[in-house]
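Novice: Quick one: the structure is below, and I'll ask about it shortly.
Every number here is computed from the coordinates shown, using simple stated rules; none is lab data. If you're wondering where the values come from, they're calculated on a predicted model, not measured in any experiment. Because the Cβ atoms are built from the backbone with ideal geometry, glycine has one as well, and the counts that use them run over all protein chains shown.
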Amino acid sequence: MKLVSTLPERIGFLHAIPVLDLFTLLLLALLMGPTFLNQSGVQVEMPASQYQIPRNADARVITLTEGDPVVLWLGRERLSEQDLVARLKEQTGEGGPIPVAYIKTEQRIPAGVERRIAEQVLNAGFRVYLLGGAKTTEVP
């Protein structure tokens, strides 16, 4: 006696199911894989520091730009050194928190000039922060 199959020779959907399963698993592995990976490095919880710069909405911004003599700006107003010191002394309030001044300096300004202005602002009763630019990897 010979056994004969009663199924048709080509059953398309029965051959497609394993391929769909394979693609589904591959898709799940690609989508979910990165969520199971640990981030590189060491996790460190930083302590709070009293040396963090607080946000100051009412800080004065003093900008030193190139010129002969160096051009001083208080906000968007151009001033001389004497006018700057006088204006800052006017803005110093009695009591309350110490006012803050940020000093932005162009790269070509001599350090001595920047230091002289910073000392005058300190003598006017302000807390001074010297601002720098972002680090770049470009070589001049």
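Novice: How far apart, in nm, are the 7 Å Cα→Cβ label points at Ala16 and Arg116?
Specialist: 8.5
Novice: Give me the number: length gained by fully extending Val128 to Ile98, i.e. 0.36 nm times residue separation minus the C-alpha to C-alpha distance, one decimal in nm.
Specialist: Taking 0.36 nm per residue and subtracting the Cα distance, the gain is 9.8 nm.
Novice: Find how much the distance from Thr65 to Lys2 grows on full extension, using 0.36 nm per residue of separation minus their present alpha carbon separation; answer in nm with one decimal.
Specialist: Between Thr65 and Lys2, full extension yields an extra 12.5 nm.
Novice: How would you order 112-118, 20-26 from highest to lowest mean count of nearby Cβ atoms within 10 Å?
Specialist: 112-118, 20-26
Novice: Also, I was wondering about something else. How do Asp68, Asp83 rank when sorted from fewest to most other Cβ atoms within 10 Å of their own Cβ?
Specialist: By the 10 Å Cβ count, ascending: Asp68, Asp83.
Novice: Something else now. Report, by chain and number, residues whose modeled amide H sits under 5 Å from the one on Glu106, excluding near sequence neighbours (fewer than 5 apart, same chain).
Specialist: Leu64
Novice: Describe numerically, in nm with one decimal, the distance between label points set 7 Å from Cα along Cα→Cβ at Glu90 and at Trp73.
Specialist: The modelled label-to-label distance comes out at 2.0 nm.
Novice: Do me a favour and compute the ellipsoid semi-axes for the stretch 60-131 from its Cα gyration tensor, root of five times each eigenvalue, largest one first, whole Å.
Specialist: Ellipsoid semi-axes (Å, largest first): 21, 12, 10.
Novice: Another question about this same structure. Under unit Cβ charges (Lys, Arg +1; Asp, Glu -1), what dipole magnitude, rounded to 20 debye, does the stretch 60-131 have relative to its Cα centre?
Specialist: Dipole of the stretch 60-131, to the nearest 20 debye: 180 debye.
Novice: Loop only by DSSP, 13 or fewer other Cβ within 10 Å of the Cβ. Give me the chymotrypsin sites (Phe, Trp or Tyr not before Pro) in the stretch 51-128 that pass, ordered by residue number.
Specialist: Here the chymotrypsin sites (Phe, Trp or Tyr not before Pro) that fit, given the DSSP loop and packing criteria, are Tyr51.
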